[in-house]
Amino acid sequence: MRTDTVHSAPITAPEELEFVAPPGISRVKLIAGGVVVALLAIAPLFVSQYYMTLLIPFFAYAVILLGFNLLFGYGGLLSFGHALFIAIGAYAAAAMVAKTGMISFEMMLLTAVVASFIISIPIAWLASRFTGIFFGMLTLSFGMLFHSFLNKFYYITGGDSGMRVPRPSLFGMELDQFDKTAFLGGPFYYYCLVMVLLLTWVMWRIVRSPYGIHLMASRDNAIKALYLGVKIRSVRAIAFVVSAVYASIGGVILGVNTGLADPELAYWTHSGHLVFMAVLGGYQEFLGPVLGAFVFILLQDELSSLTQYWRFFLGAILAILVVVLPGGIMGAIRKFKSKGEQA
């Protein structure tokens with residue numbers, strides 16, 4: 001008889017566990033994806049400057065949610081403190097410039113990735129022992145600890161004023177001929193678009209790899225997966241570290257976009273926004289959270305311009321969504337398509 005180290009109940013008999021790879025990309029999805037990428041590529045030609053400023057945060061959250069959904073959607077682990085790593089990304093970029101004087105965006109990304117990788121390892125090692133509400137509360141506590149650190153250690157972090165993130169150079173080019181708006185809507189926009197596409201491809205490969213299948217097996221039935229040789233804690237810890245690295249990259253983009261790394265990036269409500277985006281788009285789908293990020297940013301912008309009670313209406317939308325469309329927007333599209341095929 002073998003005892004599971006994650007669950008206390010012993011395993012008494014072997015049962016078959018099917019390791020099924022996630023479905024591939026259909027031709028229709030490939031065409032739709034190509035159309036979306038083409039529209040994003042020509043967006044600066046027909047989208048107003050105001051809405052262009054919303055697309056940079058969308059790219060940042062797209063990257064963040066690709067990683068967040070590896071942990072949440074594919075690993076079944078809901079983190080309430082993931083904004084911690086967004087803040088680490090932004091502060092790492094700001095600190096790198098403040099200490100070295102280098103304004104290279106590539107160096108900002110490298111510093112953020114290394115910092116989030118190092119900090120996430122001990123947290124992942126500890127958090128991977130838990131699931132459900134215990135995992136969520138543990139990640140929330142780390143997030144709040146870091147938020148307090150950012151606020152109280154003024155001489156290191158700038159306190160509630162935060163740290164400045166200057167406009168970076170791209171591939172060594174400072175691009176001084178562009179003002180800030182033109183820089184964000186031009187070279188930086190295309191840089192981020194390419195980065196989002198690359199990181200989407202990397203995440204797609206991760207999800208469809210044997211590791212991704214093991215992660216889903218640990219989500220669906222940890223005891224059976226453990227019995228069949230899946231290293232439950234390892235696959236969960238790796239998902240945590242990868243999602244942290246993705247969040248830090250998104251944090252660098254957000255920091256450059258606003259020119260500031262401030263403690264609110266690590267606050268628990270920011271982590272709540274990530275959950276909202278994932279549920280809104282449909283965390284059961286690979287690109288569902290990315291769609292959720294896009295809709296959330298537009299909703300937040302439109303509602304906040306109409307009323308100061310925009311958070312109330314966002315909350316109401318989430319409540320309605322959970323009751324009426326538990327699969328989110330992508331789930332509703334899939335359901336509608338399925339009914340159409342049956343008709």
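The values are calculated or read from the model by the stated rules, or taken from the named source; none is laboratory data. Not measured: the values here are computed from a predicted model. Here the Cβ is made from the backbone with ideal geometry for all residues, glycine too, and neighbour counts use every protein chain on show. To get the accessible areas, we keep the full protein, side chains included, count just its heavy atoms, and leave off ligands, DNA and RNA. Shrake-Rupley method; radii C 1.70, N 1.55, O 1.52, S 1.80 Å.
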**OP:** Note down all Cβ pairs under 6 Å where the first residue falls in region 191-205 and is closer than 15 Å to residue 252 by Cα, the second is open to solvent by less than 80 Å² (accessible area, probe 1.4 Å) and among the aromatic types (Phe, Trp, Tyr), and they're at least six residues apart or on different chains.
**Re:** 192/59; 196/59
Original post:
Residues of region 160-173 being under 30 Å from residue 127 (Cα atoms) and either open to solvent by 40 Å² or more (accessible area, probe 1.4 Å) or free of Cβ contacts under 8 Å to residues at least 12 places away in the same chain (or both), which ones?
Top reply: 160
Subject >> Among the candidates 313, 286, residue that is in contact with a Leu (Cβ under 9 Å, 6 or more places away or on another chain), farther than 28 Å from residue 150 by Cα, in a loop (DSSP other than H, G, I, E, B) and hydrophobic (A, V, I, L, M, F, W, C) >> reply: 286
Original post:
Among the listed residues 209, 218, 234, which satisfies the condition of being buried (at least 23 other Cβ atoms within 10 Å of the Cβ) and either out of contact with any helix residue (DSSP H, G or I) (no Cβ under 7 Å at 6 or more places or on another chain) or at pLDDT below 90 (or both)?
Top reply: 218
Original post:
Taking only pairs six or more apart or across chains, which ones have beta-carbon atoms under 9 Å, a first residue in region 286-303 that is without any contact (Cβ under 8 Å) to a residue 24 or more places away in the chain, and a second residue that is part of a loop (DSSP other than H, G, I, E, B) and open to solvent by 10 Å² or more (accessible area, probe 1.4 Å)?
Top reply: 303/309
**OP:** Among what's in region 81-106 and is part of a helix (DSSP H, G or I) and more than 12 Å from residue 252 (Cβ to Cβ), pick the residue that is most open to solvent (accessible area, probe 1.4 Å).
**Re:** 99
**OP:** Specify which of the listed residues (78, 70, 150, 109) is in a loop (DSSP other than H, G, I, E, B) and surrounded by 19 or more Cβ atoms within 10 Å (Cβ to Cβ).
**Re:** 78
